[in-house]
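Notes to accompany the following structure.
The values are calculated or read from the model by the stated rules, or taken from the named source; none is laboratory data. Note that the structure is predicted; figures quoted are calculated from it, not measured. Note that each Cβ is placed from the backbone with ideal geometry, even for glycine, and that neighbours are counted across all protein chains shown. The protein model used for the area step is the full one, side chains on, heavy atoms only, and it has no ligands, DNA or RNA in it. Shrake-Rupley method; radii C 1.70, N 1.55, O 1.52, S 1.80 Å.
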Amino acid sequence: MNVLYIEDEQGLAKIVADSLLYKGYKVSHFTNAKEALGSFIAEKPDIIVLDIMMPETDGFTLASKIRETDLKIPIIFVTARTQTKDVVYGFEIGANDYLKKPFSIDELIVRMNFQLKLRNPDLIKRDMIGKYFADFKNQRLILDDKYIRLSYRESELLKKLFENKNSIIKRKEILEEFWDYESFFTGRSLDVFISRLRAHLKEDPAVSIVNVRGAGYMLIVRPGE
C-alpha cells in the first residue's frame with residue numbers, strides 16, 4: 001500500500017516513515033502541502049496521513065483540496081491540535097480518522113489498516129478467517145481494532161491451514177514442511193503451535209482447528225455464524 005505522509009517535524013517523520021517501510025508499506029513523505037498535493041495527483045496513493053500545523057498551507061486546507069477531486073481516499077489527521085472544535089472540523093471537511101499526538105506507531109497502523117479494509121472489502125475478504133483479518137505479510141491477526149502478533153512459524157502454519165481450509169492436511173506433511181523431519185519432539189512442538197493458534201482464534205466460535213485422529217489437522221470456518 002502506498003502511503004502519502006505529510007509531516008514537517010523531521011525527527012517524528014523519520015521514525016514514522018521508517019516504521020511504515022519496515023512493515024511493508026511504500027511511503028512518500030513531504031513536509032509541505034504544495035509538494036504533497038502534486039504527489040497526490042501524480043501517484044494516486046492508497047491512504048493519506050497528514051499533520052495539520054504546517055508552513056504556508058495547513059493540513060485542513062490540503063485535505064479540503066484533495067476532497068474536491070477524491071471523496072474516497074482515506075485521510076487520517078495526526079496532530080497536536082486536540083481541541084474539540086479542531087476534531088469536529090477535521091471530520092466535517094472529510095477526514096476518516098483523527099489521531100492525537102503523541103501516538104504509538106502500532107495504533108496508527110491499526111487505524112490505517114481499518115480504513116484500508118473499508119475501502120477494499122473484496123481484497124480483504126480473501127484473507128478473512130471468520131471475523132479475523134489474516135495479515136500474513138506482517139505476521140498478525142486483526143480483530144476489529146485489535147491485533148494479535150504471530151511468530152513467523154505461527155503465521156506460516158496458519159497460512160498453510162488457511163489455504164487448505166475445510167480440508168485435512170496430513171500431520172506428516174506439516175512436519176516435513178515446517179520441521180524438516182518427524183520425531184517425538186517435533187510432533188510435540190507442532191501440538192504446541194496448534195494450541196497457540198487455537199488460543200489466538202478463540203474469539204470467533206465459527207473458527208476452529210480440529211485434530212482428525214490418525215490423519216492430521218483441519219481449519220474449519222463455518223459460514224453464517
(request) Please give the contour-minus-distance gain from LEU143 to LEU116: 0.36 nm per residue of separation, less the Cα-Cα distance, rounded to one decimal in nm. (result) 8.3 nm
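Shape verdict for the chain, please, from the Cα gyration tensor: rounded (a/c under 1.5), prolate (a/b greater than b/c) or oblate.
Numbers: a/c = 2.93, a/b = 2.46, b/c = 1.19.
Taking the square roots of the gyration eigenvalues as a ≥ b ≥ c, the chain is prolate.
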(request) Compute, for LYS65, the solvent-accessible surface of its heavy atoms (probe 1.4 Å) with the complete set of protein chains present, and express it in square angstrom to the nearest 10. (result) 90 Å²
(message) How large is the accessible surface of GLU68 in square angstrom, using a 1.4 angstrom probe and rounding to the nearest 10?
(response) 150 Å²
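So, counting K/R as plus one and D/E as minus one, what does the shell of residues with Cβ under 14 Å around ARG196 add up to? Before the final figure, lay out each step's value.
Numbers: positive: ARG140, ARG149, ARG153, ARG188, ARG198, LYS202; negative: GLU154, GLU156, ASP191.
Every neighbour counted, the sum reads +3.
Put PHE40, PHE193 in order of accessible area, largest first, 1.4 Å probe: what do you get?
PHE193, PHE40
Which percent of the accessible heavy-atom area of the chain goes to carbon and sulfur, probe 1.4 angstrom? Please report the intermediate quantities before stating the final value.
Numbers: 6300 of 12190 Å².
Within the chain, the accessible surface is 52 percent carbon and sulfur.
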(message) List residues of the stretch 37-69, by number, whose backbone nitrogen lies under 11 Å from a label position 7 Å along Cα→C-beta of MET1.
(response) 46-49
(message) Suppose only helical runs count, i.e. DSSP H with n ≥ 4. What mean residue ellipticity at 222 nm does that imply for the chain under -39500 (n - 2.57) per run, divided by all residues and rounded to the nearest 500 deg cm²/dmol?
(response) -13500 deg cm²/dmol
(message) If I stretch the segment between THR82 and ASP127 completely, what's the gain in nm (0.36 nm per residue apart, minus their alpha carbon distance), one decimal?
(response) 12.7 nm
(message) Could you compute how much accessible surface LYS23 exposes when probed at 1.4 Å, giving the result in Å² to the nearest 10?
(response) 40 Å²
